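Chemist: After the structure tokens below, expect a handful of questions from me.
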Amino acid sequence: MASGTGERKQKKVYSKKIQKLRRAIVFTVVAACLIPTCICLILAVRYDRLRTKYEKSEADLNWYRDRYGDEKSILAASDSGDSGGDTSADNGEIQWDYGVANASAAQNPEDIEGTRYVYLTFDDGPSSSTGEILDILDQYGVQATFFVCGKPDSKYTDLYKRIVDEGHTLGMHSYSHSYKDIYASLDSFKDDFKKIKIFLYDTTDVDSVFYRFPGGSSNKVIKDDVAEYEKFLDEQGVTYFDWNVSANDDKAGATKETVYNNIVSNIPKYKHCVVLMHDAADKKYTVEALPEIIEAIQAMDNTVIVPITEDTLPVQHIKK
């Protein structure tokens, strides 16, 4: 009798051990299946995000190539955006002189007790860098001015709106940014202007009244009298802005350090500083330098960073 009871107890013990072993096996099998699956899902999400970011950057770069040519022609022309000034033709290519010695030294009407006003402006956007730029500006509580082009792709729509929603000034920088098309004639310029103005209003509900010429007002691509272009803008109630401080972030060999130095070392020369930078996929050093640039400006005595408004007296390379 005792022997039978002992065997039953032993069987129960073995049975429990077998059940535990089965559970352990099932758990191990399930874990072996779930863990790789979870890792695959995480990698798939990250891959999708990276692919989206890559495609956006590629679209930005293709947009630039369409308007400026390939990398070789860009470097030969020393111009991937708007670093205007004097130009001269050399074998059909554009060569730019980045000097702005003839820029207006206008002061703001609200210039009191020597306050220096700094206007950070970004050309050519929106791009895959715009979100990062806006994040940095928000971090430092700074408003800037974005001179944008026409990019109807839906992936840029929210960026146009975000610029406006976060209190920055929205300016026009032509629709196509194609020099040969925009400056083919005054009528071509008018058509492009109307296109960007309507596009921005339809996208953001903002009727922009600020303009920056691709290449600046002193560019020599315009074969007609530039005064006719300026007159047209005046008739539209639009003010154009050039710059007197440039990051030169569109030059070959530009780095985070050169961008920082070009801006910070030149701001003390003026009481009214319109700073040119570029919002582009291939200008990552501009984004990298931006926090330190803002910190350096904010550390300057009697200096404020503000967006362009209708009260801002413009810096213009060509005096009327």
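The values are calculated or read from the model by the stated rules, or taken from the named source; none is laboratory data. Remember, it's a predicted structure, so these values are computed and weren't measured experimentally. All Cβ positions, glycine included, derive from the backbone under ideal geometry; neighbour counts span all protein chains shown. Just so you know, the surface numbers come from the protein's heavy atoms only, side chains and all, with ligands and any DNA or RNA stripped out. Shrake-Rupley method; radii C 1.70, N 1.55, O 1.52, S 1.80 Å.
Chemist: State whether the residues of the range 190-201 include one that is of a type outside the set (A, V, I, L, M), touching a residue at least 40 places away in the same chain (Cβ under 8 Å), over 15 Å from ASP279 (Cα atoms) and assigned to a loop (DSSP other than H, G, I, E, B).
Modeler: no
Chemist: Could you please give the count of residues in the range 279-314 that are among the small types (Gly, Ala, Ser) and open to solvent by 60 Å² or more (accessible area, probe 1.4 Å)?
Modeler: So the count comes out to 1.
Chemist: Quick check, is GLY171 closer than 17 Å to VAL274 by Cβ, crowded, with 23+ Cβ neighbours inside 10 Å and modelled with pLDDT under 95?
Modeler: no
Chemist: Quick check on the range 226-235: of everything there that is out of contact with any helix residue (DSSP H, G or I) (no Cβ under 9 Å at 6 or more places or on another chain) and of a type outside the set (Val, Ile, Thr), which residue is least open to solvent (accessible area, probe 1.4 Å)?
Modeler: GLU230
Chemist: For the range 281-319, which positions are of a type in the set (A, V, I, L, M, F, W, C), under 14 Å from the mean Cα position of the chain (by Cα) and modelled with pLDDT of 95 or more?
Modeler: Once the filter is applied, which keeps residues that are of a type in the set (A, V, I, L, M, F, W, C), under 14 Å from the mean Cα position of the chain (by Cα) and modelled with pLDDT of 95 or more, the range 281-319 yields VAL287, ALA289, LEU290.
Chemist: Say whether the condition of being out of contact with any Phe, Trp or Tyr (no Cβ under 6 Å at 6 or more places or on another chain), under 23 Å from GLN139 (Cα atoms) and in a loop (DSSP other than H, G, I, E, B) is met by at least one residue in the range 264-279.
Modeler: no
Chemist: Take the range 244-263 and flag every residue that is outside any loop (DSSP other than H, G, I, E, B) and open to solvent by 10 Å² or more (accessible area, probe 1.4 Å).
Modeler: Within the range 244-263, SER246, LYS256, GLU257, THR258, TYR260, ASN261, ASN262 meet the criteria.
Chemist: So, one more: Any chance you could count how many residues in the range 122-155 are open to solvent by 10 Å² or more (accessible area, probe 1.4 Å) and in contact with a Pro (Cβ under 6 Å, 6 or more places away or on another chain)?
Modeler: Count: 2.
Every residue, every condition in (1) in a loop (DSSP other than H, G, I, E, B); (2) modelled with pLDDT under 95; (3) among the β-branched types (Val, Ile, Thr), yes or no:
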| residue | (1), (2), (3) |
| --- | --- |
| ILE222 | yes, yes, yes |
| ALA227 | no, yes, no |
| LEU233 | no, no, no |
| ASP242 | yes, no, no |
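Chemist: Shifting gears a bit: Among residues belonging to the range 159-212 that are acidic (Asp, Glu) and over 15 Å from the mean Cα position of the chain (by Cα), point out the one that is farthest from LEU313 (Cα to Cα).
Modeler: Checking each candidate, the answer is ASP181.
Chemist: Suppose we filter HIS317, HIS272 for residues that are touching an Asp or Glu at 6+ places or on another chain (Cβ under 6 Å) and open to solvent by less than 20 Å² (accessible area, probe 1.4 Å); which single one remains?
Modeler: HIS317
Chemist: Does ASP301 satisfy being more than 30 Å from LYS231 (Cβ to Cβ) and out of contact with any strand residue (DSSP E or B) (no Cβ under 8 Å at 6 or more places or on another chain)?
Modeler: When the stated conditions are applied, ASP301 passes them.
Chemist: Only one of (1) in contact with a strand residue (DSSP E or B) (Cβ under 8 Å, 6 or more places away or on another chain); (2) modelled with pLDDT under 50 is not met by PRO109, so which one is it?
Modeler: For PRO109, the failing item is (1).
Chemist: Considering every residue within the range 173-186, establish whether at least one is under 19 Å from GLY237 (Cα atoms) and not hydroxyl-bearing (Ser, Thr, Tyr).
Modeler: Yes, some residue in the range 173-186 is under 19 Å from GLY237 (Cα atoms) and not hydroxyl-bearing (Ser, Thr, Tyr).
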